[in-house]
Amino acid sequence: MKKLFASLMAAGALVLAAMPAQAAQSLRNLVAIEGVRENPLVGYGLVVGLNGSGDSTQVKFASQSVVNMLKQFGVKMPDGADAKSKNVAAVMVSAVFPPGYRRGQPIDVTVSSLGDAKSLRGGALLLTPLRAADNEVYALAQGNVVVGGLSAAGKSGSSVTVNTPTAGRIPNGAMIEREIPTDFSTNGTVRLSLKRPSFETATNIVDSINKKFGNIATTEDATSVSVVAPENPTQRVAFMAKLEGIPIEAGQQNARVVFNSRTGTVVIAEGLRVKAAAVTHGSLKVVISESSKVSQPNAFAGGQTAVTPQSNVSVDQSGRPMFQWPPGAKLQTIVDTVNSLGATPDDIMAILQALDQAGAIEGELVVI
């Protein structure tokens with residue numbers, strides 16, 4: 001019985017030792033394949049068919065664009081004349097060229113007003129070429145704009161706006177006309193670029209790949225891994241499908257505190273530690289109110305009525321107690337302590353920034 005118990009204990013110890021410190025992730029979540037990426041496209045166009053909600057006459061480039069468009073169809077405007085039409089809006093059209101897309105495949109486009117149009121609802125985008133960074137045309141966009149926002153105004157000047165009526169999308173609104181070349185199928189090796197550079201993660205990727213496929217993976221730094229892939233395109237695609245599914249243990253990342261000063265958002269990542277520190281955070285509120293008092297003399301005093309200013313100054317300093325975090329305090333302790341004081345996001349930012357300046361935070365502060 002003792003031997004059986006000892007055997008069970010030894011087996012349990014082996015299982016616990018084999019369990020990773022953190023859950024493994026698929027390789028596809030940790031790296032990007034060089035040569036297989038998206039490319040941005042952009043173009044300038046016109047949206048027509050608007051019910052008086054287009055650009056005003058103050059937008060000169062919109063009227064000039066209408067004149068140039070009409071000229072292409074044989075309609076010539078008088079010299080110096082502007083095409084005054086509130087049913088047209090100048091827009092910028094943007095899209096993303098997915099990796100590996102071929103000629104004739106459709107992609108979605110986003111249409112955004114460039115002038116002072118009130119709304120793009122009900123409009124249609126005219127044929128617009130979309131260019132990449134090399135100024136070559138890779139797609140052509142056209143179609144009815146789907147707008148999620150709404151804007152309505154009355155003659156008295158009152159108006160109601162819901163969401164953003166000056167931007168919309170055209171699902172499958174552009175057609176690929178030129179392919180973007182890539183060396184993915186011709187290069188002898190495939191380079192994997194880590195989304196979060198880490199020496200530990202790069203080492204784990206190399207070890208896992210070599211353990212499964214042989215000695216085919218190498219790395220020179222913490223940002224990329226080179227893998228020898230089959231030369232046959234079909235075999236290379238099948239190889240990459242297997243490669244992306246390999247479980248990898250990601251390396252430990254520095255704990256971060258992320259501040260968004262515009263929205264007041266504070267995100268504290270798991271793993272943040274705080275050294276022993278005593279903190280107090282108070283606020284001094286000064287209120288100055290101004291008023292006027294009329295001094296009226298008696299009927300026989302011979303004086304004049306005078307207006308005298310009155311100032312009332314009050315100072316309010318809300319007393320908040322000093323609190324202390326124990327050494328190595330974890331995320332939950334920090335959150336519970338701050339919430340117990342009723343601190344606002346601005347207060348949390350100020351407290352954590354002061355702790356970082358004092359060297360009491362074992363992590364990294366990021367302001368976005």
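Taking the average, over residues, of other Cβ atoms within 10 Å as the packing measure, peptides 60-71, 86-97 rank 86-97, 60-71 from highest down.
Report the FRET efficiency, 1/(1 + (r/R0)^6), for A269 and D134, where r is their Cβ-Cβ distance and R0 is 45 Å, rounded to 0.05. Walk me through the numbers before you get to the answer.
Values: r = 39 Å, r/R0 = 0.87.
Once the sixth-power term is evaluated, E becomes 0.70.
Other residues within the sphere of radius under 13 Å centred on the Cβ of K195, judged by their own Cβ, net out at +2 (K and R +1, D and E -1).
Based on the convex hull around the alpha carbon atoms, segment 218-260 presents an average projected area of 5.4 nm². Relative to the current alpha-carbon distance between T223 and N29, full extension at 0.36 nm per residue lengthens the span by 68.4 nm.
Amide H contacts for K275 (H built 1.01 Å from N in the peptide plane; partners 5 or more residues away or on another chain; cut-off under 5 Å): G328, I361, E362. The phi-based Karplus calculation (6.51 cos²θ - 1.76 cosθ + 1.60; θ = phi - 60°) puts the 3J(HN,Hα) values of segment 173-181 at x, 10, 10, 5, 10, 9, 8, 8, x Hz, whole numbers, x for Gly and Pro. Segment 70-103 and segment 31-59 have their alpha-carbon centroids 11 Å apart.
How do the peptides 190-198, 129-137, 253-261 rank, highest first, by the average count of neighbouring beta carbon atoms within 10 Å per residue? Let's see the in-between values first.
Numbers: 190-198: 17.4, 129-137: 13.3, 253-261: 15.1.
Final packing ranking: 190-198, 253-261, 129-137.
The stretch between K293 and K242, if pulled fully straight at 0.36 nm per residue, gains 9.9 nm over its current Cα-Cα span. Between N254 and V48, full extension at 0.36 nm per residue minus the direct alpha carbon distance yields a gain of 69.0 nm.
Quick note: the coordinates plus some simple rules give every number you see, no bench work behind them. Remember, it's a predicted structure, so these values are computed and weren't measured experimentally. For neighbour counting, all protein chains shown are included, and Cβ atoms are generated from backbone atoms with ideal geometry for every residue, glycine included.
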